[in-house]
Structure formats: structure tokens, C-alpha cells
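Scroll down for the structure; my scribbles are underneath it.
We did not get these values from a lab; they are worked out from the coordinates using the rules stated. Quantities reported herein were computed from a predicted structural model and do not represent experimental measurements. Neighbour counts run over all protein chains shown; Cβ positions are idealised from the backbone, glycine included.
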Amino acid sequence: MNAISDPPRKTWFWELGEAVIDADRCVGCGTCVAVCPSNSIGVRPESGLPELVKMCTGCSLCWDFCPRAGLHYESTWLDDAPGDAAADAPWSIAGTDAGEGLGQVLEAVAIRALDPPSGAQDGGVVTELLASLLGAGVIDGALVAKPSDDPDEPWKGVATVATTTAALRAAAGSFYNQTMALAALDLSSVALPADPRIAVVGTPCEVQGLRAMQLRPWPTGAHRVDAVSLTIALFCTKSFDYEALVVGELARTRGVALEDVARIDVTRGRFVVDDVHGRRIVDEPVRAFLGAALKGCNECADFAGRAADLSVGSVGSADGWTTVLVRTPKGRAMLDVARGSFEVADLHDADALLRLDALNASIARRTLGRELDPKGPLFIEYGAHPTPQPLRTPVVVGRA
């Protein structure tokens, strides 16, 4: 408008929109919302996808930190230095050989809560851990997913910051839709101390974006990335679109009465649904539901959440137990606070973790068209007009 050219290398939100959102590659992590220093990006109510809510300044951060755009997410993986070196080392992005092992693991155990809350998934570990940390005054709240309050959206998870044990227990259980979780790090409407300490429970892609922001402490507007003191990654190979999964696959295609559903779970490669009478009304391979999965999930080789303090899920444990991978000294210290509330055992099938990790990595390599390089650049840029297919030779613009 004023005939002044843009500075070189600026990237605008609409370029992220073209390359990721419009290309159906967005994974709903909320990183772009959280990293925007001018609070210019919000969440579109109808779709739950990012949208511009005021003028974009072209700072490029939404592009740089997006796990499906400029971020080499594998560069956020923890180092897997052996023995005591791993236990004593500070968090780093030194990385690990892609596809070998599960990243830095200081301890791998099966755990179940002695008194699991109603509706808890597997061993009820995450809810009980957070409740113990909250009760001990170690954290002031936790970013988790709770059931939607909208009666027209049964079995939809929405992001919330729980600050009481009751709120944590009300959020027990898993949801299989993404919630734009990091967008909820705007804590201005939450009753918290001036310098809050927040635990974040999320999918691996959410932890990737969060770790990258912690490494590069740009001003992030209203979103308190600095408040996050613990990250817990949920094992994840796929997240789903809510409408396509719950409304489409369950209600319309299979005739499931959603008001009768008591539990939805993905376990051991199967998608299962139980009703309020304890009957299993759906039990099918997960692949039968892949049409409802987010397409961008195919680009992720991080099913085990290698960038987190703790990684949790059912893979590797017996029924009713939760696998916990302790990845950092901080994660171990946090788990120690709550160990009295848990029963601890060896993993039932540790090799199952490696098998699923290898499968997930092979899918990501084929989708990305490149080998994963955890010692590569943290951020990349594709130029003024990014392509929806992340196949160009990257130009390094930053590295921790």
C-alpha cells in the first residue's frame, strides 16, 4: 500500500495457512497461537483450527515454531546419553539417532494408582500424579483435557487449566481429538499466583512446540510458556477430527447412541467403545478409523513423546497399568512426590514400545520424504512462499 517492500525472509500467517492449515496438515497443537507475540492468532470456533483475529506483523514465529512447517521437531528430542551422564545432564537438544531406542529414558516402569479416579484411563497415573503434585504445592495447576460442556458435543475433549483436585478428577480419561492445547496457556482468566507453575499434559506434537518455545524465549504475548514446569506426553500415533470420528464413524456409520457411551479407548491396536451397561459395542482395528485421523499425524515419528519430562501410555504394560518413561531428572523428582499413591512393576512387554516406534518412524519417513535428523536445525525456512510439501532443502535460521 505504501510502496515499501517487505523486509526479506518475512513469513506471514496466511503462508502458514496455505502450507499447513488449508493443506489439511494442521495437527491442532496450538503452538502458532501460543508463540504469536501480538496475540494475532486465535482459534476458529467452527473448526477448532487457527485463524487470524487481528493484523499479522509478519514476525514469522508461527511458521518457525509449527511442527508441520518450520520446526524440525526431532531436534527437540532429549539426548540419550548412557548411564549416569543422562541422569545428571541438563535438558538439551543434542538428540538421539532417529529410530534407535526411545530417546532419553532414565527409568521405564508400569504403574497403577492405588485408588484410581472414576473414568481414569489404564492405571489412572496421570490424574493421581497431578493431584499429588497439586496437593503437595509443587504445581499450581495443570493443563489437561476435560469433557466439553456443550451437550451437542458428547465425547469431545476441550483444553482447560485445572487448579483443584476436583477439577483434575473430573477431567480423568482420554479424548482422541486435538484441543489446540497450547492456546490455553493464556492464563489471564485463571486464578493463579503471579508466578504460576503449570504442568502440561499433551500429545507429543504439543510438547515439541512447547519445548521449542522454551528453547527460544521470544516474547509470546498473553501465553505463559514460562509458567510450564512439567511436561507429560501421552503416547500417540494418531489424533482424530472430532466430527469425523465421533459423529461420523461412531454415530452415523455404526449407529452408536452417544448418550449411552461410557468409555472410548484405543488400546493394543484396537478402537473400543463400552456402553453404560458395561457392554463392548465397538471393537475394531484402529485402521478402520484412519479416515477420521488428522493427516498431519502421518508426518510425526514421535509416538513416545521424546521431548517430555514424562511419557505415558498403555503400550508395554498389562491391562489396567500405565507405562511411564521417566526422561528427565525433573520428571523423576515429580514422580517421586507421588510414588506412595502407586503400585509399581516391571513392564509387561518393553519390546512393544520399540516395535511401534519403528513402525511410526517408517510412516513418517515415507510421508516426509526425508530421513529424520535429530542433530539437524531446530528451525528451517522455505522462503517467502512456503510449499505445502516439506521437501525443499532447508535454510537454517536458528539453532540452540
| field | Per-pair calculated FRET efficiency, R0 = 35 Å: Leu290 and Arg339 via Cβ, rounded to 0.05 | value | 0.40
| note | Using alpha carbon centers only, region 249-315 is separated from region 121-135 by a whole-angstrom value of 21 Å
| query | Using helices alone, what [θ] at 222 nm do you get for the chain, with -39,500 (n - 2.57) per DSSP H run of 4 or more residues, divided over all residues and rounded to the nearest 500? | reply | -5500 deg cm²/dmol
| message | Test of understanding: what is the full-extension gain from Ser38 to Arg279, defined as 0.36 nm times their sequence separation minus their Cα-Cα distance? | response | 81.8 nm
| query | Once the Cβ-Cβ distance between Thr57 and Gln214 is put in as r, and R0 is 35 Å, what FRET efficiency do you end up with, to the nearest 0.05? | reply | 0.95
| query | Straight-line reach from Lys146: which lysines have a Cα under 22 Å away, not including same-chain ones fewer than 8 places off? | reply | Lys156, Lys238
| said: Please compute the volume of the convex hull spanned by the alpha-carbon atoms of the chain and report it per residue in Å³. | reply: 139 Å³
| message | Run the simple label-point estimate for Leu114 and Asp319 please: 7 Å along Cα→C-beta, distance reported in nm. | response | 2.5 nm
| remark: Under the 7 Å Cα-to-Cβ spin-label approximation, Lys10 and Arg254 lie apart by a distance in nanometres of 5.0 nm
| task | With a point put 7 Å past each Cα toward its Cβ, work out how far His348 is from Ser362 in nm, to one decimal. | result | 2.4 nm
